[in-house]
1. Pick from B:Ala309, B:Ala23, B:Ala402: which is most flexible by mean-square fluctuation in a GNM of chain B where alpha carbon atoms under 10 Å apart are linked?
2. List the Cys residues of the protein assembly as shown that have no partner Cys with a C-beta closer than 4.7 Å.
3. Go ahead and estimate [θ] at 222 nm for chain B from helices alone: -39,500 (n - 2.57) per DSSP H run with n ≥ 4, summed, over the residue count, rounded to 500.
4. Name the residues of segment A:70-98, by number, that are at least 20 Å² less accessible with every protein chain in place than in the isolated chain; the surface is that of heavy atoms, probe 1.4 Å, without ligands or nucleic acids.
5. For the charge dipole of the protein assembly as shown, defined by +1 on Lys and Arg C-beta atoms and -1 on Asp and Glu C-beta atoms about the Cα centroid, which residue among B:Val33, B:Tyr288, B:Gly14 has the Cα displaced farthest towards the positive pole?
6. So, for segment B:144-186, what is the accessible surface per residue at a probe of 1.4 Å, expressed in square angstrom?
7. Within the accessible area of chain A, what % is carbon and sulfur when the probe is 1.4 Å and the other protein chains stay in place?
8. Please report, for the Cα atoms of the protein assembly as shown, the Rg to one decimal and the Dmax as a whole number; what are they, in angstrom?
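The values are calculated or read from the model by the stated rules, or taken from the named source; none is laboratory data. Quantities reported herein were computed from a predicted structural model and do not represent experimental measurements. Please note: Cβ atoms are built from the backbone with ideal geometry, for glycine as well, and neighbour counts cover all protein chains shown. These area figures cover heavy atoms from the full protein model, side chains too; ligands, DNA and RNA do not enter into them. Shrake-Rupley method; radii C 1.70, N 1.55, O 1.52, S 1.80 Å.
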Amino acid sequence: MSHANAWIEVCAADDIDEEDVLRFDHAHQTYAIYRSPDDVFYATDGLCTHEHVHLADGLVMDHIIECPKHNGRFDYRTGQAKGAPVCINLKTYPVKVEAGKVLIQLG
Amino acid sequence: MRESAEDIVIVGAGETGARAAAALRENGWAGTVTLVGHEPRAPYERPPLSKAVMVAAEAPQPPYILSAERLRENDITLLTGCAVTRIDRAAHAVELADGRRLGYGRLLLATGCSARRLAVPGADPGRLHYLRTYDDALALREQLRPDRHVAIVGGGFIGLELAASARSRGCGVTLIEAGPRLLMRGVPADIAAAVAARHQAAGVTLKPGVGIERVEPAGTRQVLVLSDGSRVECDGIVVGIGAAPNTELAAHSGLAIDNGVAVDARLATADPDIFAAGDCCSFPHPLYDGRRIRLEAWRNAQDQGALAARNLLGAGEDYTAVPWFWSDQYELTLQIAGLPDAGVHTVARPLGDGVQLNFHLAADGRLVAASSIGPNAKIAKEIRVAEMLIARRAQPDANALAAPEVKLKSLL
Ligand SMILES: Cc1cc2nc3c(=O)[nH]c(=O)nc-3n(C[C@H](O)[C@H](O)[C@H](O)COP(=O)(O)OP(=O)(O)OC[C@H]3O[C@@H](n4cnc5c(N)ncnc54)[C@H](O)[C@@H]3O)c2cc1C
Ligand code: FES
């Protein structure tokens, strides 16, 4: 738990388009970082809870990330699974933007 | 009111039946839900059977869709190992193979498909392998062993996925296809050619355009004698020549059959209390001039199951979802949205790295399908956006479609 509560720098805010997602790997874990259409940043675990595919290869629509494998859908603000084939929620992480940098809090 | 008006019975506990049962509860249905399945186990997903289940070092558990806990929570009665043998429409009841009778207010047929059987002189039916169920998959796993050679009959999705799984387990493969090329049904020729090239690179011997004259026993092995005179000696024969919809129940109760149980856009049969959904039904598709189609696709099974559930409760919604299918072979995924054969011209979008992405346009420029092969991460988003364009009946600019620097999303 060496990273407990640490804020980790992910990327520049400009690296993610609005209504898009970026993959972020850190300490053998993978995360998905989202920028919503209303310009708010969010972060979730990076792998789909159905068959462990990288969500960052999927499509962001409004506040939904759609898995690229079988189109399972999650609300990336809450991590909530929105129905078959996904039934397990995604873990979410706090995100902040400081001096044009996106940071996420792990642990 | 009939005694059984509060009872909904679903025949077939596959993807469609399971999804429909869960959706009935999600939509607030308070009456009974009885899911009757012929197979000896709870509903599970079939797509992994030709993929993960085949290549895993140890046979995994079936990938269940509804756990015992979810069945209990949702108060769904699941009868396994139990076939419905007759529908008594006048009495609103179904008869089970063990003699029981179940009354219904509304009935959903979700009986799916069965693998087509191969009829060839000399073939011992007991030595032909098919793949539709988890039990079939367990038996097949025993065939695809290293240092063995299997003959796969049929160059459709199941045969090709099994060929890829066999190669990754070190098993030799000869694949025989009667048609002039692989994936004749619904897959554009250039995508099929990319699939063929990948299989050849993996060491699969492809034999398109040849029939099987007869099978001869050769001790523990068998020999297929082909129409071009060649002989293929193998340790096992796997047959993947398509699937036929399970329509006998519906036909015997006087319901119309047309390449599947014929339903209308709401998935209703001519009997207002009987609906059909998933692989077993044919339905008119509004995006394709109301053409009657039948799909054998996992998402269609889910979506139709969910929609049939709402319509069993009186929603009266039409099914309009864009057909969508995927197949995994080696590191490649093939995805198709829409019906490519409804297009008259094709625009390719060059994405590099051996990725192929085609847009299929009707004569009026409307996008009717998109087809692609490549690593899933490279193609999934594009196909998903194409699907949305198809649903909107969009007529996107062909130059923009062909230009990879134009974001597809910007065409929405
Ligand atoms: C090996 C394999 C791999 C696949 N891979 C993919 C893929 O990669 N992508 C994709 O999109 N699709 C794929 N599919 C297709 C997908 O699995 C099907 O579209 C889906 O299973 C259809 O669901 P269904 O419930 O309509 O039918 P089924 O899954 O066939 O279920 C029907 C059930 O009804 C039961 N039944 C039939 N008659 C009766 C009766 N009289 N009484 C009681 N029970 C009855 C059957 O035993 C069966 O269990 C694959 C299918 C197979 C077999
Ligand atoms: S892997 Fe994400 S929906 Fe199946």
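1. For chain B, modelled as a Gaussian network with Cα springs under 10 Å, the answer is B:Ala402.
2. When partners are defined as cysteine Cβ atoms under 4.7 Å apart, the protein assembly as shown leaves A:Cys11, A:Cys87, B:Cys82, B:Cys113, B:Cys171, B:Cys234, B:Cys280, B:Cys281 without one.
3. On the way: 10 runs with 98 residues, N = 412.
Mean residue ellipticity, 222 nm, calculated: -7000 deg cm²/dmol.
4. Those are A:His70, A:Asn71, A:Ala84, A:Pro85, which lose 20 Å² or more relative to the chain on its own.
5. Sorting the options by dipole projection puts first B:Gly14.
6. Numbers: 1530 Å² over 43 residues.
Accessible area per residue: 36 Å².
7. Numbers: 2340 of 5050 Å².
That fraction is 46 percent.
8. My reading of the Cα-based Rg and Dmax gives 24.4, 77 Å.
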